[in-house]
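The structure appears below as structure tokens.
The values are calculated or read from the model by the stated rules, or taken from the named source; none is laboratory data. Note that the structure is a prediction, hence the values are computed from the model and not measured. Please note: Cβ atoms are built from the backbone with ideal geometry, for glycine as well, and neighbour counts cover all protein chains shown. Protein only, heavy atoms only, side chains kept; ligands, DNA and RNA dropped before computing areas. Shrake-Rupley method; radii C 1.70, N 1.55, O 1.52, S 1.80 Å.
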Amino acid sequence: MRVTTAYNRMLGLPGAWVRDVAFSEQAMIVSVALRRTRPVCSGCGARGLKIKDHRIKRWRHLDVGGVRCYIECRLRRLYCPGCGDRPEMVEWARGGARYTRDFDDLVAWLAQQMNQTQLTRLMRIGWETVGNIIARVVAEKLPAGRLDGLELIGCDEVSYGADHKFLTCVANHQTGAIVWATEGRNSASLQAFFDQLTDEQKASIRAISIDMSAGYEKAIRAAVPDAQVCFDPFHVIQLGGKAADQVRRDQYNAHGRSSTGEGKWIKGARYSLLKDTTKQTTKQLLKLAEVVLTNKPMYRAFLLYGELRYLYRLPKHEAVERLDAWLAWASRSRLKPFVKLARTLRQHRQGVLAAIEIGISNGRLEALNSKVRLLSHRAYGFHSANALIAMIYLCCAGIQIDPPHR
């Protein structure tokens, strides 16, 4: 079998045939020729364009036998009215790339599985090259209709840098994929997402889950006023836990901060007030019994916090009545942290009830945020937000890449 025939079968380059194979000390160079006779613009795909000149171009391909392999081809350089001077399109590489599609796809697949430092060592390329390849693959494979038909979405921020850098991520509750991300965590950040949507896409959104961020709520009210704003149950219960713990702290300060006497046992009652009674240890239950018998404000805080948690376990049709009853009870409790909390929840009453009625939360967003932080930690940080956003799309937007196996 001739060497060119063997490499034709082994490389399987679409739209080309191997003319010659040359070996040097550092690499293997495979010269190919195009099967296509009419040139096609690599930018827009236009045909019948004027040929300016001919140039030889190289692309890095997957290693063969541990040796670097380059594909070399003589291309026609075209003049396109829309794109300017462009080389003709080749099927085995993306437009403007210096690497073949197989090489790009393998790098992107490995980027989903491992950190970039080890990836650069394995593929023998630079850090910036990995980022450029990921950007090319994401631009091609990111689902074009990911913003169509959105009904239930969630929005949350995630930190990605030591100096308080944040991203805003929007996820689809039905698919569990991140559909959009940008730098920042204010109203303008989320407004940029709605600016990309058409009127039809905005009309399909029924509900959006967020934490109690005033910036996100402002953008939602302005862009999609008909959508329901659902406040994440975890953040609501978290506010209740902070209020209960603040009552304990106030009681500790009122009874003295000494390490002896009544202040000592109040300091150790934290988990008895905040932890679910079904999960408390015997010692914690005994401490709770002591709270019931000796400290009425702390016991009242424990009951209020427990009732707020129980609100999310009730049948949906009982939520309105029980929430109104809880707000009235907290307002009359004479506990300043719960009076303040009742005032806050009364302002966000519709969002709290909407989350119960629809049954969505930001739990999926929190799980995706953990994955985003893992991607950032695995790479030991990113130089720019755009590089991290491309990696988020690659790993969290439902992009499936098959290894280039023959």
ask   = If we count every other residue with Cβ under 10 angstrom of Gly351's Cβ, Lys/Arg +1 and Asp/Glu -1, where does the sum land?
value = -1
remark   = In nm, the gap between the two label points placed 7 Å beyond Cα toward Cβ at Val67 and Ile358 is 6.0 nm
inquiry  = If you restrict to DSSP beta bridges whose two residues both lie in the stretch 87-221, what percentage is antiparallel, to the nearest 5?
reply    = 85 percent
remark   = FRET efficiency for Lys218 and Arg343 from the Cβ-Cβ distance with R0 = 22 Å, rounded to 0.05, comes out at 0.65
query = Dipole of the chain (Lys/Arg Cβ +1, Asp/Glu Cβ -1, origin at the Cα centre): which of Cys169, Ser31, Asn362 lies farthest to the positive side?
reply = Ser31
Positive minus negative residues near Thr37 (Lys, Arg vs Asp, Glu; Cβ under 13 Å) = +4
ask   = Over the chain, what is the percentage of antiparallel beta bridges among all DSSP beta bridges, to the nearest 5?
value = 75 percent
inquiry  = Using the basic label-point model (7 angstrom from Cα toward the beta carbon), what is the Gln238 to Thr37 distance in nanometres?
reply    = 6.7 nm
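Hey, any idea what the orientation-averaged projected area of the convex hull of the chain's Cα atoms comes to, in nm²? Write down the numbers at each step before the final one.
Numbers: hull surface 114.3 nm².
Dividing the Cα hull surface by four gives the mean projection, 28.6 nm².
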message = If amide hydrogens are placed 1.01 Å from N in the peptide plane, which non-local residues have theirs closer than 5 Å to the one on Asp20?
response = Ser31
remark   = Expressed as a whole-number percentage, the relative contact order of the chain with C-alpha contacts under 8 angstrom and at least six residues apart is 15 percent
task = Determine the sum of side-chain charges near Gln118: Lys and Arg each +1, Asp and Glu each -1, restricted to other residues whose C-beta is under 13 angstrom from that of Gln118.
result = +3
key: Per-residue HN-Hα couplings for the stretch 170-180 [Karplus 6.51, -1.76, 1.60; θ = phi - 60°; Hz; x = Gly/Pro]   = 10, 10, 8, 5, 7, 9, x, 10, 6, 9, 6
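Which of the residue pairs Lys287/Lys371; Lys165/Lys218; Lys316/Lys340; Lys141/Lys371 have a Cα-Cα distance greater than 32 Å in the structure shown? Intermediate results must be reported in sequence, preceding the final value.
Working: Lys287/Lys371 38 Å; Lys165/Lys218 21 Å; Lys316/Lys340 26 Å; Lys141/Lys371 20 Å.
Result: Lys287/Lys371 exceed 32 Å.
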ask   = Given the convex hull of the Cα atoms of the stretch 159-219, what is a quarter of its surface area in nm²?
value = 4.7 nm²
query = Give or take rounding to whole Å, what are the principal axis extents of the alpha carbon atoms in the stretch 30-108, in descending order?
reply = 42, 25, 17
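Using only DSSP helix segments of four residues or longer, with each worth -39500 (n - 2.57), what per-residue ellipticity at 222 nm results for the chain after dividing by its residue count and rounding to 500?
Working: 17 runs with 193 residues, N = 406.
It lands at -14500 deg cm²/dmol.
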message = On a straight-distance basis, which lysines could pair with Lys283 in a cross-link, Cα separation under 28 angstrom, same-chain partners fewer than 8 positions away excluded?
response = Lys242, Lys264, Lys267, Lys275, Lys296
message = Quick check: residue separation of Lys264 and Leu286 times 0.36 nm, minus the Cα distance between them. What number comes out in nm?
response = 6.4 nm
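For the stretch 155-259, give me the percentage of DSSP beta bridges that are antiparallel, rounded to the nearest 5 percent. Mind dumping the intermediate values first?
Working: 12 of 16 bridges.
Expressed as a percentage, antiparallel bridges in the stretch 155-259 total about 75.
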note = Residue-normalised value, i.e. accessible area per residue, for the chain at 1.4 Å probe, in Å², stands at 52 Å²
query = Build a GNM of the chain with springs between Cα atoms under 10 Å: which of Ala162, Ala301, Ala269 gets the top mean-square fluctuation?
reply = Ala162
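For the stretch 50-193, with only Lys/Arg (+1) and Asp/Glu (-1) charged at the beta-carbon, what is the dipole magnitude about the Cα centre, in debye rounded to 20?
Working: 21 positive and 17 negative charges, 202 e Å.
Computed about the Cα centre, the dipole is about 960 debye.
How large is Rg/Rh for the stretch 98-237, to two decimals, with Cα atoms and a Kirkwood Rh? Let's see the in-between values first.
On the way: Rg = 17.9 Å, Rh = 17.0 Å.
When Rh is taken as the Kirkwood radius, the ratio is 1.05.
For Ala325 and Tyr380 in one chain, what is 0.36 nm times their gap in residues minus the Cα-Cα distance, to one decimal in nm? Write out the running numbers ahead of the final one.
Details: separation 55, 0.36 × 55 = 19.80 nm, distance 4.96 nm.
So the extension gain works out to 14.8 nm.
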ask   = Which whole-Hz couplings ³J(HN,Hα) result when phi for each residue of the stretch 29-44 is put into the Karplus expression 6.51 cos²θ - 1.76 cosθ + 1.60, θ = phi - 60°, listed in order with x for Gly and Pro?
value = 10, 9, 8, 10, 10, 6, 7, 6, 9, 9, x, 10, 5, 6, x, 10
message = Quick check for you: which residues of the stretch 217-246 have the amide N under 12 Å from the point 7 Å beyond the Cα of Arg206 toward its beta carbon?
response = 228
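May I ask for the percentage of alpha-carbon pairs in the stretch 6-143 that lie more than 17 Å from each other?
Numbers: 5897 of 9453 pairs.
Percentage above 17 Å: 62.
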query = Using the beta-carbon distance between Arg77 and Thr278 and R0 = 56 Å, what value does 1/(1 + (r/R0)^6) give for FRET efficiency, to the nearest 0.05?
reply = 0.15
message = With a 1.4 Å probe and all protein chains left in place, how much of the accessible area of the stretch 298-406 comes from carbon and sulfur atoms, in whole percent?
response = 51 percent
key: Rg and Dmax [Cα atoms of the stretch 296-370; Å; Rg one decimal, Dmax integer]   = 13.6, 41
